[in-house]
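Student: Next up is a structure, given as structure tokens.
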Amino acid sequence: MRSRILLSMFIAAVVLAIGVNAANAQPSAAQVKKDVSGPKTVSVTVLGRGTRVWSKGYSKYVWDVPYTAKVKSEEPGVNILVEATASYDIAGGRYVYWKSFVGSNLFEGIPNPTEAEVAALLQRFGPQPIMMGEFYSAVKIEGIKLADKPRFEWHNLNSVSFTVYATFTEQVNYTTTRRIAKPYRARLYRDGKTMPWKSIGQSDNPNDDEVIIVL
């Protein structure tokens, strides 16, 4: 009986130790700053300890830590203000830095295009450069507009990406259609930071939270 009690106490102690070690293995603020910093990083502010989330796009659990950063741009004296998430793989109680997902970024002193400006540009260029081949396969296209959470991302002083939603009817099969609002990442281009936007195209893929809405 005594041996069983001692064994039970030993197992409980081991389980507790594993739990403590797993909690301690979560990346500290100092570790996150180190992982996301590069040669041009001016400062990083870590926003909380992080949370375990399911990444639909990559079909795995990750540990996400939100942060903001100030990064030097290619323009002397102009910094980029970044809102992002540091994502860590979780493996055997270990947290290994995977990549950062940018929520938005902007240049200090250079405003994002306004909603009215984006609406005018989308009207001018139309949905085809953003939807690409899906423009031609859609049964009926009703329109395209800036998303409620645009997630502006500046690639340089002359190019910025953001999320838009195109509303259209698509063919599901030979007999069925459905009306949807689908997210796309649009990207504007210009020749200089004081020049007008000259063209628009499709950028990178939308994030996990930018999903197709069935109407």
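None of the figures in this text is laboratory data; all of them are computed from the coordinates on show. Keep in mind that what you see is a predicted model, and the values were worked out from it rather than measured. Here the Cβ is made from the backbone with ideal geometry for all residues, glycine too, and neighbour counts use every protein chain on show.
Student: Spot the failing condition for residue 103; the list is (1) under 13 Å from the mean Cα position of the chain (by Cα); (2) more than 24 Å from residue 162 (Cα to Cα); (3) not hydrophobic (A, V, I, L, M, F, W, C), and only one is missed.
Tutor: (2)
Student: Quick check on the stretch 109-116. Is at least one of its residues of a type outside the set (D, E, K, R), in contact with a strand residue (DSSP E or B) (Cβ under 6 Å, 6 or more places away or on another chain) and not in a loop (DSSP other than H, G, I, E, B)?
Tutor: Checked against the condition, which is being of a type outside the set (D, E, K, R), in contact with a strand residue (DSSP E or B) (Cβ under 6 Å, 6 or more places away or on another chain) and not in a loop (DSSP other than H, G, I, E, B), the stretch 109-116 yields no hits at all.
Student: Might you let me know whether the stretch 199-206 holds any residue that is surrounded by 18 or more Cβ atoms within 10 Å (Cβ to Cβ) and either of a type in the set (Phe, Trp, Tyr) or assigned to a strand (DSSP E or B) (or both)?
Tutor: Yes.
Student: If only one of 78, 82, 32 is over 23 Å from residue 186 (Cα atoms) and within 19 Å of the chain's Cα centre (by Cα), which one is it? Walk me through how you get there before you give the answer.
Tutor: Values: 78 fails: within 19 Å of the chain's Cα centre (by Cα); 82 fails: over 23 Å from residue 186 (Cα atoms).
Criteria check complete, one pass: 32.
Student: Among the numbered criteria (1) more than 30 Å from residue 180 (Cα to Cα); (2) in a loop (DSSP other than H, G, I, E, B), which one does residue 66 miss?
Tutor: Only one criterion is unmet by residue 66, namely (2).
Student: Would you tally the residues in the stretch 62-95 being surrounded by 13 or more Cβ atoms within 10 Å (Cβ to Cβ) and free of Cβ contacts under 8 Å to residues at least 60 places away in the same chain? Show your work before the answer.
Tutor: Of the stretch 62-95, the ones surrounded by 13 or more Cβ atoms within 10 Å (Cβ to Cβ) are 62-73, 75, 78-90, 93, 95.
Cutting the leftovers down to free of Cβ contacts under 8 Å to residues at least 60 places away in the same chain gives us 62-72, 79, 81-87, 89-90.
Total satisfying the criteria: 21.
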